[in-house]
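One structure is given here, and the rest of the page talks about it.
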């Protein structure tokens, strides 16, 4: 799969994850805050994150550290 296969939400979320100022490697991820920022339900954010790891696995890495989810994304 490729970037062209992403839904609108997935593409927007991916671009947001890649923003340097968000740095979800150093800053703990919050699905609730992401859902609020995108004006969608938290479940939609979880589904989009899951889809990103399946559709573009070499561009998104999710792990758990210090009691929080961390996300690294790059184009």
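Is it possible to state the helix-based mean residue ellipticity at 222 nm for the chain, with each DSSP H run of 4+ residues giving -39500 (n - 2.57), the sum divided by total residues, to the nearest 500 deg cm²/dmol? What is it? Walk me through the numbers before you get to the answer.
Working: 3 runs with 33 residues, N = 75.
Helix-only estimate at 222 nm: -13500 deg cm²/dmol.
Find the percent of Cα-Cα distances in the stretch 3-73 that exceed 17 Å, and round it to a whole number. Summing the P(r) tail past 17 Å for the stretch 3-73 gives 36 percent. Summary of the geometry: the stretch 51-75 and the stretch 1-23, compared by the centres of their Cα atoms, lie 11 Å apart.
Only the coordinates and a few stated rules stand behind these numbers; no lab work does. Remember, it's a predicted structure, so these values are computed and weren't measured experimentally.
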